[in-house]
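Participant: The following block contains the structure, expressed as structure tokens.
The values are calculated or read from the model by the stated rules, or taken from the named source; none is laboratory data. Predicted model, so just to flag it, every value in this text is computed and none were measured. Every residue, glycine among them, receives a Cβ derived from its backbone with ideal geometry; neighbour counts consider all protein chains shown. Protein only, heavy atoms only, side chains kept; ligands, DNA and RNA dropped before computing areas. Shrake-Rupley method; radii C 1.70, N 1.55, O 1.52, S 1.80 Å.
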Amino acid sequence: ECHQDGTTYAAVYGRMRRDSPAPTITGGFLSPGRGRFTHPTQPRVLTAREAARIQGFPDGYDFVPPGLDQPNRTQLARWIGNAVPMPLGYAAGLSVLPPTI
């Protein structure tokens, strides 16, 4: 409540809306002060899995590269936030393919 009046930072400390598209997911989704990443119905920020789902990653996607250790939360947030959303990457890839006859 202390951040609602007198600020010009409309996206900071914001809650996501259930009835609107999600905001752009960035590597800062673990902090409510870095964007509109507060869960729409619960008093918390998004989990890594929720942010990955918004980015289009399937729920079973494994973020641990073979032979490497489990990333920490900050690394995982950076990977998810820096990723091109999978549906967008797919559409971009299709757009450069020649048309089929």
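Participant: I want the local charge near Pro21. Using Cβ-Cβ distances under 15 Å, sum +1 for each Lys or Arg and -1 for each Asp or Glu among the other residues. Before the final figure, lay out each step's value.
Facilitator: Details: positive: Arg15, Arg17, Arg18, Arg36, Arg53; negative: Asp19, Glu50.
My count for the surroundings of Pro21 gives +3.
Participant: Please check: in the Gaussian network model of the chain (C-alpha springs, under 10 Å), which one of Gln75, Gln55, Gln42 has the largest mean-square fluctuation.
Facilitator: Gln42
Participant: Mind telling me which of Pro85, Pro21, Pro66 comes out most flexible in a GNM of the chain, alpha-carbon contacts under 10 Å?
Facilitator: Ranking Pro85, Pro21, Pro66 by mean-square fluctuation puts Pro66 first.
Participant: For the range 19-89, just the Cα atoms, rotate onto the principal axes and tell me the three extents in Å, largest first.
Facilitator: 39, 25, 18
Participant: Counting heavy atoms of the protein chains only and a 1.4 Å probe, report the per residue accessible area for the chain as a whole number of Å². Each step should come with its number before you reach the end.
Facilitator: Working: 7510 Å² over 101 residues.
For the chain, the per-residue accessible area is 74 Å².
Participant: From Cα pairs below 8 angstrom and at least 6 apart in sequence, can you work out the relative contact order of the chain, rounded to a whole percent? Display every interim value, and only then the final one.
Facilitator: Working: 106 pairs, mean separation 25.2, N = 101.
This gives 25 percent for the chain.
Participant: Can you give the helix-only mean residue ellipticity at 222 nm for the chain, where every DSSP H stretch with n ≥ 4 adds -39500 (n - 2.57) and the sum goes over all residues, rounded to the nearest 500 deg cm²/dmol? Don't jump to the answer; show the numbers that get you there.
Facilitator: On the way: 3 runs with 27 residues, N = 101.
Computed mean residue ellipticity for the chain: -7500 deg cm²/dmol.
Participant: Starting from the Cα gyration tensor of the range 57-101, take the square roots of the eigenvalues, sort them a ≥ b ≥ c, and report rounded, prolate or oblate (rounded when a/c is under 1.5, otherwise prolate if a/b is larger than b/c, else oblate). Numbers along the way, then the final one.
Facilitator: Numbers: a/c = 3.33, a/b = 2.46, b/c = 1.35.
Prolate, because a/c is 1.5 or more and a/b exceeds b/c.
Participant: Next question, about the same structure. Under 15 Å from the Cβ of Tyr61, count the other residues' Cβ atoms, weight Lys and Arg +1, Asp and Glu -1, and hand me the total. Before the final figure, lay out the partial values.
Facilitator: Numbers: positive: Arg49, Arg53; negative: Glu50, Asp59, Asp62.
Net charge around Tyr61: -1.
Participant: Here's a follow-up. Which of Val64, Val84, Val45 ends up with the largest GNM mean-square fluctuation for the chain, with Cα atoms connected below 10 Å?
Facilitator: Val64
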